[in-house]
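S.K.: I am attaching a structure below and will ask some questions about it afterwards.
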Amino acid sequence: MSNFYDSNMIPEILGVFKAKNAVLSCLANESLVDTIKKSGLELTFINTGDDDAIDGNPLDVLQDLKDYDTIFIDGDANWYTVFNELNIVKKSNNEFPLVFICNNIFPNKRRDSYADPECIPSEFRQEYAKELPICYDGEIVNIIDEYYHACDENTPKNGVLTAIEDFLSENSHISIMKINFIDGITVLYPKTQINEKRLDIINKMLQGEKTEAISLSDKLIENSLLVSYINKYNEYGENFNKFEDELSKKNSLIENYEREINQKSSEMTYKDSQISSIESKLSLKDSQIENFESKLVNNENKISALEDQLESANADLSQKESYFKEEIHSLENQLESANADFSQREISLNSKVISFENKLKRKQDEFNSLSSNIKQKDNQLQIKQQELEDVEAKLDNLQHSYNRQLSKLDSNKYCISCFKDEISNNHQEIQYLKNNTMLRKILSPAAYLYLILKSSPKEWSLNINLYKALKDSKCFDIGFYLNKNQDLIDSKWCKYFSPELHYVCKGFREDRLFNKKYFNTNSKKELLDYLLTCDK
């Protein structure tokens, strides 16, 4: 998605910044990839189509990569992807690396593009369309490619350049390299004084100056920075001495002022103590006078209140006396009428009690008969309960017998299934050994050459030893491996080479199993140790 016109400057930049290893994430421009390969860096590829490239979503893969000093980011050109890639790069490295963002170009600077819009969360996904007509240099242009493009531009969280600016606003220690040597590539670097010196070197190189005259090493850059620090420190030392002289003079003046203030404050405290003692005596006399006056007023108020209460009590007493007389007369009349009613009710209640006693006798007789019936029913119920328990015991015995027979049947089925798998694996291994036997024997020495070609120099010895161990080990079940991986039966691996070679080159990385009992290991070294001990 980038147009390159001076990619040969990239090795110069990598050399000035002392780059040793780099990650190439979704980098599709073959000329740029070839230029980077010539720089001699240790490279890690993500979704580039190389044989040893790591496939997967870059947002997931980058989280597992650590401590690289350079990364080239290309691929899905939208705010969400670029902003999160930059944050993952920052978290995965102790020091922020040199970052080449290779998709900051029309139409992606202020407009998102999506290879698969469903992979972007809805809250970060712009309204999009395919073959979108947009205005470019005053003309309407239809974007015809395999991407979906945002309908709007210049809106928040929209576009690659917007993602870069939002990331830099949260990370003030990171800056954009202000050089224009490749269209569409934006370079981010950590702002340090050494990196600023390196940037000066790159700008001089772009202006055509000889690299021999300006290619300073990091030690010379650090020495020049130390000299500038020493000069600044000397200036600060002179200013600090002047400041100390002025400060000592001002401190002596302050000490004189403090002595005078202390004398005045001691005199003031003595006067204040005398005034406070006089005021306390006066306040004590005033409080005593106020107490006497308040007591006198309270006594007068109590006397007047008691007189008023006495008058009201006499009036209430006369009223209550007349009221009680009337109440007593009324209660006497009510008592006479109540006695007459009581005698009538007593006669009525006696008759009701006799009737209730007769009914109670009849109910008692009925209760006795029901009790005898209930006892008979309880005896019958106990007999039935005992019969039911006997039946349940028989059912439990039958269920236990059924479960034992069923477990035996399941174990027999599992044994039959294991025998079938073993027969199938043996048959598959026999078929493999019958087919192309002479051709594989002729090409078997070439397997070691193939391992060397497909491995990095660091892995040559490990891969060759692992291949030999698999060939010699009884742990590698060829029939099991081919049955579990049907795609290998008619492939070049079985025709020309061997399943063991396929496992070393690809099967281990793809987590394929080579026998039923083998456990997955974290590294080829751990697997080699396992193979060397499992046959003993």
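S.K.: Considering only protein heavy atoms and a probe of 1.4 Å, how much of the accessible area of region 66-122 is carbon and sulfur, as a whole percent?
M.R.: 46
S.K.: Provide the gained length on full extension for the span Ile303 to Asp64, in nm with one decimal, where the gain is 0.36 nm per separating residue minus the Cα-Cα distance.
M.R.: Taking 0.36 nm per residue and subtracting the Cα distance, the gain is 76.3 nm.
S.K.: Continuing with the same structure: Please compute P(r) over all alpha-carbon pairs of the chain, binned at 10 Å starting from zero, and give each bin as a whole-number percent.
M.R.: 3, 9, 11, 10, 10, 9, 6, 6, 7, 8, 9, 8, 4, 1, 0
S.K.: Continuing with this model, one more query. What does the accessible area per residue of the chain come to in Å², with a 1.4 Å probe and no ligands, DNA or RNA counted?
M.R.: Result: 69 Å² of accessible area for each residue.
S.K.: Students often get this wrong, so check it: of Lys413/Lys516; Lys38/Lys204; Lys413/Lys517; Lys38/Lys471; Lys66/Lys516, which have C-alpha atoms separated by over 27 Å?
M.R.: Lys38/Lys471; Lys66/Lys516
S.K.: Enumerate the calculated ³J(HN,Hα) couplings along region 397-408 in order (Karplus 6.51 cos²θ - 1.76 cosθ + 1.60, θ = phi - 60°), each rounded to whole Hz, writing x wherever the residue is Gly or Pro.
M.R.: So the Karplus estimates, Gly and Pro as x, are 4, 5, 5, 4, 5, 5, 5, 5, 5, 5, 5, 4 Hz.
S.K.: Share of Cα-Cα pairs in region 1-105 beyond 15 Å, in percent?
M.R.: Here the tail beyond 15 Å accounts for 60 percent of pairs.
S.K.: Hey, rough spin-label estimate for Met438 and Ser39, points 7 angstrom out along Cα→Cβ, what's it come to in nanometres?
M.R.: About 5.3 nm, to one decimal.
S.K.: Compute the FRET efficiency between Ser280 and Asn251 as 1/(1 + (r/R0)^6), taking r as their Cβ-Cβ distance and R0 = 56 Å, and round to the nearest 0.05.
M.R.: 0.85
S.K.: Still on this model: Provide the FRET efficiency to the nearest 0.05 for the Cys475-Gln382 pair, computing r from the beta carbons and using R0 = 60 Å.
M.R.: After rounding to 0.05, the efficiency reads 0.30.
S.K.: Leaving out ligands, DNA and RNA, what percent of the accessible area of region 277-363 is carbon and sulfur, probe 1.4 Å?
M.R.: 58
S.K.: Here's something else I'd like to know. Put a dot 7 Å past each Cα toward the Cβ at Asp272 and Asp487; how far apart are the dots in nm?
M.R.: The answer from the label model is 9.3 nm.
S.K.: A further question follows. Relative contact order of region 360-499: what whole-number percent is it, with Cα pairs under 8 angstrom and at least 6 residues apart?
M.R.: 29
S.K.: Straight-line reach only, C-alpha to C-alpha below 19 angstrom: list the aspartates and glutamates that Lys408 could link to, leaving out same-chain residues fewer than 8 apart.
M.R.: Asp396
S.K.: Separate question: Report the extension gain between Glu422 and Leu349 in nm, rounded to one decimal, defined as 0.36 nm multiplied by the number of residues separating them, less their alpha carbon distance.
M.R.: Residue separation times 0.36 nm, minus the Cα-Cα distance, leaves 16.2 nm.
S.K.: So, one more: Ordered by residue, what ³J(HN,Hα) values in Hz, to whole numbers, does region 503-511 give under the Karplus form 6.51 cos²θ - 1.76 cosθ + 1.60, where θ = phi - 60° and Gly and Pro are x?
M.R.: Result, ordered by residue: 5, 5, 7, 10, x, 4, 5, 8, 6 Hz.
S.K.: Mind listing the long-range amide H neighbours of Asn21? Cut-off is under 5 Å, sequence gap 5 or more, other chains count too, H placed in the peptide plane at 1.01 Å from N.
M.R.: When sequence neighbours closer than 5 places are left aside, the close amide H contacts are Glu42, Asp69, Thr70.
S.K.: Would you report the distance distribution of C-alpha pairs in region 454-533 as whole percents per 10 angstrom bin, up to the bin with the largest distance?
M.R.: Result, from short to long distances: 18, 57, 24, 1 percent.
S.K.: How high is the FRET efficiency from Phe342 to Ser312, r the C-beta distance, R0 45 Å, rounded to 0.05?
M.R.: E(calc), rounded to 0.05, equals 0.55.
S.K.: Suppose each label sits 7 Å from its Cα in the direction of the beta carbon; what would the Asn262-Glu196 distance come out to in nanometres?
M.R.: The two pseudo-label positions are separated by 5.0 nm.
S.K.: Hey, what do the phi angles of region 294-305 turn into as Karplus ³J(HN,Hα) couplings, whole Hz, using 6.51/-1.76/1.60 and θ = phi - 60°, x for Gly and Pro?
M.R.: So the Karplus estimates, Gly and Pro as x, are 5, 5, 5, 5, 5, 5, 5, 5, 5, 4, 5, 5 Hz.
S.K.: Please work out how many pairs of lysine residues in region 265-343 are eight or more positions apart (or on different chains) and have Cα atoms closer than 26 angstrom.
M.R.: The result is 4.
S.K.: What ratio of Cα Rg to 2.2 N^0.38 Å holds for region 270-329?
M.R.: 2.49
The values are calculated or read from the model by the stated rules, or taken from the named source; none is laboratory data. Only a predicted model underlies this, so the values are computations on that prediction, with no experimental measurement involved. Note that we place each Cβ from the backbone using ideal geometry, even for glycine, and neighbour counts take in every protein chain shown. Heads up: the accessible areas ignore ligands, DNA and RNA and are worked out on the full protein's heavy atoms, side chains in. Shrake-Rupley method; radii C 1.70, N 1.55, O 1.52, S 1.80 Å.
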